[in-house]
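What follows is one structure encoded as C-alpha cells, with my remarks underneath.
The values are calculated or read from the model by the stated rules, or taken from the named source; none is laboratory data. All figures in this text were calculated on a predicted structure; none of them were measured in a lab. Here the Cβ is made from the backbone with ideal geometry for all residues, glycine too, and neighbour counts use every protein chain on show. Calculation scope for accessible area: heavy atoms of the full protein, side chains included, ligands and nucleic acids excluded. Shrake-Rupley method; radii C 1.70, N 1.55, O 1.52, S 1.80 Å.
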Amino acid sequence: QLSSTTDSQSSLATQPFQRLVETLKSSTQTCTIIESSCGGLISSSLMSVPGSSRVYFGGTVAYSTKRAGKLLCGDEELHDRLLKSTSPAASDDDNKMIVGVEEHLSEETKAYIQSKVKWTQEAALSYCKHMDTDFAIAEGGATGPTFHPEGMKAGFAVLAVAGRRSGQDDVEILAQKLVLSTHGDREMNMRLYADAAAELCVEAMNIADPSIEMTTEQPDTNQVQSTNVTDKLYLDRSSHLRSDAEVMKELYNRSDAQHVIVKGASEVLLGSDDQLSLPTLEQPFLGTLFETDDAKKEALENRTFLGRLGDEQTPLFAMYLPEDTNVSSDSNNSYFANTRSRAPMLSPFHNEIALTATAYVNWRDSHRFCTRCGSPVEFVQGGTCAKCTSGHMAWPRQDPSIIVLVTNAESTHALLARSPRHPSYLYTALAGFVEPGENMETAVAREVHEEVGVHVNHHSINYISSQAWPFPQSCMIGFHAKTNAADGLASVNIDPEEIVDARWFEKEDVYLAARDTDMMGAVLDRQVVEAQQANGNWTGSLLVPSKGVLARTLVDHWLEE
C-alpha cells in the first residue's frame, strides 16, 4: 500500500466546481451547503474557486445528526425532523423515491439509503429558507472503509438541491440523486460525491430557470500563460494554409511564434510538470539551446508547422534538436523529459501538441528518401509533406493498433499483461497492430488469442476510445472484451516473444493499483517508483498505466461500471 503525505485532494477547484461558481456568478445567484459524509469537502471545493465569495456565504458539516443540533441554524424543529428521518420507521414510507438502488442490496441497506433521501430533502429545504439563498445543497451518505449496516461493501451518497423556480417564492426540491460507489475508499468517495453535488446544483439551476446560460468554463490546465496567448487554447491545424507559400513564409517569420521543442526522438521540453515550455523567437532562452548560429539557423529552417493556437491564431511549430542538447542554467526552470512517460501527465491540450510534434519529428527523421524511387526528399507545405526529386509526394501516416481490456464474463476480473519493456510492477491491457485486410474486432480476437491463448466472445467486443501514440506512429483504438461465460477465468498461455507475464486480477486489486498509480504519477519512469520504494512509501507489487494513457482509460471505464 502507498503511505504518502501527498494530499490526494490538493486540487480542490475541480471542473464541476469551476462550472458551478461561474454559473452562479453569471446569474448573480447564491447557494449554501449542508453536508455529512463529505466532511466539508463540498464547501472547501467551492471556496477554492476564485470569486466564490460572491456566491457562497457559508454552510454546515453535520457529521452526527444526533449531536449536531446546535449547528443546524438553531432550528430545533429541523433537528427533530432530521432525527426522525434516520429512524427505522421512517424508511417504510415512500420507498419509490429510491432511484437506482441495486436489487442485490439488503433490505437494511435500502432502508438506510432511504433515510438519507428524507434527510437530504429536509436539510436542503430548511437551509434554503433559513439562509435565504437561491439554492441549497444537502449531502448524506457513507464513505467507508467501514459501513453500517453490516454487509455494505461500497459507499453511497444521496444529494438534494432545493431552490425557488423563476418567478415563485416557495422553496422546493429541484433535483435529487443517488450516487453509488464501487468501493470503500474514503477519500476517493468524498471526491466523487462532492463533484456530483456541484454537477447536480448546476442541473437544478437549469430546472429553476431554463433561461440561465450554463457556462462551459474549463479548468486552467487547458491554458498556456504567456505574453502572447492568454485565452483558452486549442490547436487549429490550418491545413488549408500549408500549400500557400506566401502565408507560410509570413508565419515562419513571426517573432511571437511558439515552439514545441523535441530532443532526439524521445524527449520534449517541459516548463512544469503539466505543461510544455513553448519558447518564442522573442525570448533569449531559445537561443541558449544552440551551440552555434549555424545550428540555430538549421533548426529554424527545418521547423514543422503544427497549426495556430486559439483565438489569437499564434503560429505553433515543432522544432527538432539533437540528442546531446542540454538546457542552460537560465532556462526559466524548463527541462527535457521522456515523452512516452511524461506526456500523459500533461494537461490535455499540451499532451495533444506534444504527441503531434513528436509524430512529425519522428516521421521526418525516418522519411528522408522516397519510398517509391529512393531519391532524396525535401519537406514542403510547412514540413508536413515529403516531395522527392522525381515529384513523388508523401504525407505522414498512422498505423492502426488495437488495445483491449479483457475481463471474465461476470466482469469481476481483468486480464492484464506485462511486456519486456515494462517495469516488473506495471501491468496493462493487451495491444497489437491491425493487419492488412483485417477489421478491428477481428484484430482484437486474434491478438488476445496469440498473446495469451484466451478466446473472447466476439459479441462482447465494444469500442471505448482512441488515442494517437507516435511511438513510433500508431493510432490506438481501445476496446473492452469478455471471455465466454463457460470459460470462467480462462487459462492463460502467453507468447514469450511478446509477453513476459499475464494474469487475472480481481477488480479490488486493480482499483488499489490505480489509486497507488495516481499518487505516484509517471510510473513508466522507473526512477519515480524506485524513489517511493526506497522511502518505504510503496511496498506493493502492482501498478497500472497513468491517467492520460488509453490503457488507463480502459481500466477506469471497467472500474466505474
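In region 362-484, a dipole from Cβ-located charges (positive for Lys and Arg, negative for Asp and Glu) runs towards its positive end, and of VAL448, ASN362, MET476 it is ASN362 whose Cα lies farthest in that direction.
Per-residue counts of other Cβ atoms within 10 Å, averaged by peptide: what ranking do you get for 236-246, 131-141, highest first? Present the calculation step by step, with values, prior to reporting the outcome.
Details: 236-246: 13.8, 131-141: 25.9.
Sorting 236-246, 131-141 by mean packing, highest first, produces 131-141, 236-246.
Ordering THR517, TRP504, SER491 by Cα displacement along the dipole of region 450-561 toward the positive end leaves THR517 in first place; charges were set at the Cβ atoms of Lys, Arg (+1) and Asp, Glu (-1).
Calculate the dipole size of region 240-371 relative to its Cα centre from +1 charges on Lys and Arg beta carbons and -1 charges on Asp and Glu beta carbons; express the result in debye to the nearest 20.
Values: 12 positive and 20 negative charges, 83 e Å.
For region 240-371, the charge dipole is close to 400 debye.
Report the charge-dipole magnitude of the chain in Debye, nearest 20, computed about the Cα centre from +1 at each Lys and Arg Cβ and -1 at each Asp and Glu Cβ.
Values: 46 positive and 77 negative charges, 80 e Å.
With only Lys, Arg, Asp and Glu charged at Cβ, the dipole is about 380 debye.
Counting only alpha carbon atoms, the long axis of helix 507-520 and the longest principal axis of the chain meet at about 60°.
Placing pseudo-labels 7 Å out from each Cα toward the beta carbon at SER424 and LYS296 gives an inter-label distance of 4.9 nm. Of the trypsin sites (Lys or Arg not before Pro) found in region 312-400, those that fall in a DSSP loop while having at most 15 other beta-carbon atoms within 10 Å are ARG368, ARG372, ARG397. Taking 0.36 nm per residue of separation and subtracting the Cα-Cα distance, full extension of the segment from ILE207 to PHE471 would add 90.3 nm.
Averaged per residue, what accessible area in Å² does region 439-561 show with a 1.4 Å probe, protein chains only? Present the calculation step by step, with values, prior to reporting the outcome.
Numbers: 5830 Å² over 123 residues.
For region 439-561, the per-residue accessible area is 47 Å².
If we count every other residue with Cβ under 13 angstrom of HIS183's Cβ, Lys/Arg +1 and Asp/Glu -1, where does the sum land? Display every interim value, and only then the final one.
Values: positive: LYS153, ARG186, ARG191, LYS507, ARG515; negative: ASP185, GLU187, GLU506, GLU508, ASP509, ASP556, GLU560, GLU561.
Overall, the nearby charge balance is -3.
Once the Cα atoms are used to define both axes, helix 550-559 deviates from the longest principal axis of the chain by about 20 degrees. Taking Cα atoms only, the orientation of helix 348-366 departs from the longest principal axis of the chain by about 20 degrees.
Over all alpha-carbon pairs in region 140-215, figure out the percentage whose distance exceeds 20 Å. The partial results should precede the final answer.
Details: 1190 of 2850 pairs.
Looking at region 140-215, the distances longer than 20 Å represent 42 percent of pairs.
Ligands, DNA and RNA left out, the accessible area of the chain computed with a 1.4 Å probe is 47% carbon and sulfur. At the residue level, TRP504 shows approximately 40 square angstrom of accessible surface with a 1.4 angstrom probe and all protein chains present. Do the alpha carbons of any pairs in LYS116/LYS153; LYS249/LYS296; LYS110/LYS547; LYS25/LYS547; LYS118/LYS507; LYS177/LYS482 sit beyond 25 Å of each other, and which pairs? Violating the 25 Å Cα-Cα cut-off are LYS110/LYS547; LYS25/LYS547; LYS118/LYS507; LYS177/LYS482.
Across region 418-428, computed HN-Hα scalar couplings (Karplus, 6.51 cos²θ - 1.76 cosθ + 1.60, θ = phi - 60°) run 10, 8, x, 7, 8, x, 5, 8, 9, 10, 8 Hz from first to last residue, x flagging Gly and Pro.
Note on the chain: percent of Cα-Cα distances in each 20 Å bin, starting at 0 and stopping at the bin with the largest distance, equals 18, 43, 32, 7, 0.
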